[in-house]
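Chemist: Here's a structure for you.
The values are calculated or read from the model by the stated rules, or taken from the named source; none is laboratory data. All values reported here derive from a predicted model rather than from experimental measurement. Using ideal geometry, Cβ is built from the backbone for each residue, glycine included, and neighbour counts are taken over all protein chains shown. Only protein heavy atoms, including side chains, enter the accessible area calculation; ligands, DNA and RNA are left aside. Shrake-Rupley method; radii C 1.70, N 1.55, O 1.52, S 1.80 Å.
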Amino acid sequence: MLDEADIQLHADRIRDDGYTVIEGAAAPALVEGLKQALERIEREHNLGPAKTSFEGFKTVRINNLLTYDDIFWEVPLHENVLPVVEHVLDKECLLSSFCSLVLGPGQEAQPIHEDTQLIPLPRPHIPITLNAIWALSDFRDDNGATRIIPGSHKFPSSPEYGKDYDAVTATMAAGSVMLFDSALWHGGGANTSDGRRFAFSCAYCWGWMRQQENLQLGIPHETARRFPRRLQELCGYSVYKGQFGHIDNHDPIELLGRERGKRMVWEATDVRKARMAEAAKQ
Ligand SMILES: O=C(O)CCC(=O)C(=O)O
């Protein structure tokens, strides 16, 4: 488990270089279980490549992953990753999207891009989303390890789609996680090997912005009710600063059968004032 110094170190690297690698973040047994679950789900649901230049013609991506198997619940909550995300964003951050990225042999390199480029904010900007690429296979030069351009999160523009850029290959052992500011220029590599490259993309965003996947509508309530509370909050059953995301002044976590959630900011302010007045009288 990461200590305060580790968390700070990873956060500093994300600030300075745009990325960090958390080596050995996931135990081998978890990595194996996750890979097996992906292969089984792919078979059972007859899933195949999305066949776009971005998503890949030989890449299987499973979106809305939390609905398929409880084993995936561990990923967004992982104790070696989430604390770094909470440090860079805050503890009211949200899961933005969570999908598998299984690159088959023959998959060409993905165009270099950055994940915030459709958001009309001038660059460089504060980190608004962080992406955790989980290596479930060893990430090598020949099997499609993610390519990155260190420091590019500070560039004043986004990359030109489809243009070639000099990039560094993020080689890492299975079980490692590369966590990066999503404004970093990056893209999946080419898989010229004869094996599949297994990975996840698990992205987080601030609690005040829209998530990439609509997890409140995409995950059936019966499934979300079984999640640990923190996962429910990450999926959007939460209110940012007691203001953003409320339903008629109630915390949406109550929809999942939880007892009273957070107070809204308006009520909380009055309660705090009344408490202070009471304390001043004593
Ligand atoms: O597959 C990879 O290594 C990266 C994928 C990626 O960056 C994306 O799909 O946005």
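Chemist: Specify the residue that is farthest from the chain's Cα centre (by Cα); the eligible residues are those in the range 62-81 that are open to solvent by less than 10 Å² (accessible area, probe 1.4 Å) and within 21 Å of N214 (Cβ to Cβ).
Modeler: Step by step, filter the range 62-81, then rank; the result is I62.
Chemist: Going by the structure shown, is E160 exposed (fewer than 15 other Cβ atoms within 10 Å of the Cβ), without any contact (Cβ under 8 Å) to a residue 40 or more places away in the chain and within 21 Å of E114 (Cα to Cα)?
Modeler: Yes: the conditions hold for E160.
Chemist: Given the options Y204, Y237, name the one that is in a strand (DSSP E or B) and open to solvent by less than 40 Å² (accessible area, probe 1.4 Å).
Modeler: Only one candidate passes the filter, namely Y204.
Chemist: Is one or more of the residues making up the range 15-28 of a type in the set (V, I, T), outside any loop (DSSP other than H, G, I, E, B) and surrounded by fewer than 16 Cβ atoms within 10 Å (Cβ to Cβ)?
Modeler: no
Chemist: Quick check: anything in the range 73-92 part of a strand (DSSP E or B) and closer than 30 Å to K58 by Cα?
Modeler: no
Chemist: Any idea which of (1) in contact with a helix residue (DSSP H, G or I) (Cβ under 7 Å, 6 or more places away or on another chain); (2) part of a loop (DSSP other than H, G, I, E, B); (3) within 12 Å of the ligand (Cβ to nearest atom) is the one A145 doesn't satisfy?
Modeler: If we test A145 against (1) in contact with a helix residue (DSSP H, G or I) (Cβ under 7 Å, 6 or more places away or on another chain); (2) part of a loop (DSSP other than H, G, I, E, B); (3) within 12 Å of the ligand (Cβ to nearest atom), just (1) comes out false.
Chemist: Among (1) over 30 Å from E79 (Cβ atoms); (2) open to solvent by less than 40 Å² (accessible area, probe 1.4 Å); (3) aromatic (F, W, Y), there is one condition Y165 misses while meeting the rest; what is its number?
Modeler: (2)
Chemist: Got a sec? Which of P127, P111 is open to solvent by 10 Å² or more (accessible area, probe 1.4 Å) and either assigned to a strand (DSSP E or B) or away from the ligand (no atom under 11 Å from the Cβ) (or both)?
Modeler: P127
Chemist: Further question: Going through the range 178-201 one residue at a time, which ones are acidic (D, E) and not in a strand (DSSP E or B)?
Modeler: Residue satisfying the conditions is D194 alone.
Chemist: Quick one: T59 ticks every box in (1) closer than 20 Å to P105 by Cα; (2) among the polar types (S, T, N, Q); (3) surrounded by fewer than 17 Cβ atoms within 10 Å (Cβ to Cβ); (4) within 16 Å of the ligand (Cβ to nearest atom) bar one, so which box is it?
Modeler: (3)
Chemist: State all residues of the range 41-55 that are farther than 21 Å from Y161 by Cα, open to solvent by 90 Å² or more (accessible area, probe 1.4 Å) and in a loop (DSSP other than H, G, I, E, B); if no residue qualifies, say none.
Modeler: If the condition is that a residue be farther than 21 Å from Y161 by Cα, open to solvent by 90 Å² or more (accessible area, probe 1.4 Å) and in a loop (DSSP other than H, G, I, E, B), then H45, N46 are the ones that fit.
Chemist: With the condition kept exactly as written, say whether any residue in the range 250-272 is of a type outside the set (A, V, I, L, M) and under 30 Å from I148 (Cβ atoms).
Modeler: Among the residues of the range 250-272, not one is of a type outside the set (A, V, I, L, M) and under 30 Å from I148 (Cβ atoms), which makes the answer no.
Chemist: Something else: In the range 148-167, which residues are part of a loop (DSSP other than H, G, I, E, B) and of a type outside the set (S, T, Y)?
Modeler: Listed by number, the residues that qualify are I149, P150, G151, F155, P156, P159, E160, G162, K163, D164, D166, A167.
Chemist: Also, I was wondering about something else. For the range 156-199, which residues satisfy the criterion of being more than 15 Å from the ligand (Cβ to nearest atom) and in contact with a Leu (Cβ under 9 Å, 6 or more places away or on another chain)?
Modeler: Listed by number, the list holds a single entry, G175.
Chemist: Look at A135 and say whether it is open to solvent by less than 10 Å² (accessible area, probe 1.4 Å), without any contact (Cβ under 8 Å) to a residue 60 or more places away in the chain and within 11 Å of the ligand (Cβ to nearest atom).
Modeler: no
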